[in-house]
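What follows is a single structure, written as structure tokens, with notes after it.
Values in this text are rule-based calculations from the coordinates and carry no lab data. Keep in mind it's a predicted model, so treat the numbers as computed, not measured. Glycine also receives a Cβ, built like all others from the backbone with ideal geometry; neighbour counts cover every protein chain displayed.
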């Protein structure tokens, strides 16, 4: 006899606590918790290598918390669900909403199909503080500038809901025919590059809780200004946990506000607001990952230079602050937020390479790769997005390093071959006198590369390109 069950479909909510869909599913006699790896419908947005590595370990942690009852599949979710329905007497299917355009389209079809079969299908908000269609101007159009979006839209809207406890006494059941986590093939197959990532992360819901507690103890009270210092532990590093739903924004929002109400807490909450703003942009502009929000940039004179792109990707541009950031990314799957802006500005303005190249590389290498955040952030730094940094605002990686890494600790950590340089030349070794280079055992062009571009000249080229855009030249 078939078991009468509900299904909870895990997606980007890989946790038990504050999981609205799971809480509702647990009200049934039994719950079949499932995860489906869907590479068929993802198109250009199949998860990158770093994200797949994280997902593998996150699913393992989730399965452990479910007592080994997580059933894992891969393929088209509609087909997978149809197969499950032949084996179980399913009353209802529950899931928390995702907001990537391809997922929204797919989920709508699945919901209709389930209902035509007489099966309840219920969706919930589990990964955002406010649904993107609820935050609009008084005239009904979406916000295009962050400050009014957050202050007039979000903060004047309903208070984010209080977090839910993990379901108690839930009766989880498994499917003996599921493929298993290992069968998903999420880990690297030939070169074990993931081994270098492992020491930097404690993946899963418990790891997310520990990371937040460490941030609350060590970083939150310095956050507003300290978050710009890449050598310090003042940033939360919670972004991958948020993306995979190992912790919810509601949990973070209420946890920090329970601590107090100072400028650091307000700034952290506003950063959660920026995440909401990115999702709002993606919801209202489904082509955000590929199409300039400001159409005038469609005729921008980008260049093609494979050598420059490779130098940027591998941290060998000869610009220490840029290279340190790209090496941090490669070694840890993460990059400090201030440095993301520096390396992004260098790619699109000093190298004049299209922001799509940066977006694609981050998608492949970041453990927190998120379609909304990644796309909106690259459009922001490129000057073509919503509330974007003006294109003519070009980050100088030398002065940025001197200001935000004044002791050189960050650069020395990731570029040890120039660590013996005095601070005066650490961020611009090409300007160091030959005597200083010899004393530091550095030979430019051998120990460390010369810059791939001249910062001053490339800045002028970027400004000229922008001026041609303003004049309507092609």
Would you mind checking the tilt of helix 320-332 against the longest principal axis of the Cα atoms of the chain, expressed as 0 to 90 degrees and rounded to 10? 30
Apply the a/c threshold of 1.5 to the C-alpha gyration tensor of region 91-223 and tell me whether it is rounded, prolate or oblate. oblate
Taking neighbour counts of Cβ atoms within 10 Å as a proxy for exposure, in what order, fewest first, do 349, 111, 189, 4 appear? 189, 4, 111, 349
I'd like the distance between the alpha-carbon centres of region 140-164 and region 306-352, rounded to an integer number of Å. 33
Rounded if a/c is under 1.5, else prolate if a/b beats b/c, else oblate: with a ≥ b ≥ c from the C-alpha gyration tensor eigenvalues square-rooted, which is region 344-388? oblate
Between region 240-303 and region 1-79, what is the C-alpha centre distance in whole Å? 24
Simple SL model, points at 7 angstrom along Cα→Cβ for residue 206 and residue 464; separation in nm is 6.0
When a/c reaches 1.5 or more, the comparison of a/b and b/c decides; with that in mind, is region 4-126 rounded, prolate or oblate per its Cα gyration tensor? oblate
Starting with the fewest neighbours, write out 466, 346 ranked by other beta-carbon atoms found within 10 Å of each beta-carbon. 466, 346
Estimated FRET transfer efficiency when R0 is 22 angstrom, pair residue 104-residue 46 (beta carbons, to 0.05): 0.85
Could you give the length gained by full extension between residue 266 and residue 314, i.e. 0.36 nm per residue of separation minus their alpha carbon distance, to one decimal place? 13.7 nm
Evaluate the distance, in nm, between pseudo-label points positioned 7 Å from the Cα of residue 398 and of residue 187 along their respective Cα→Cβ axes. 4.6
From fewest to most C-beta neighbours within 10 Å, the residues 444, 321 line up as 444, 321
Taking 41 Å as R0, compute the FRET efficiency from the Cβ-Cβ separation of residue 407 and residue 111 and round it to 0.05. 0.15
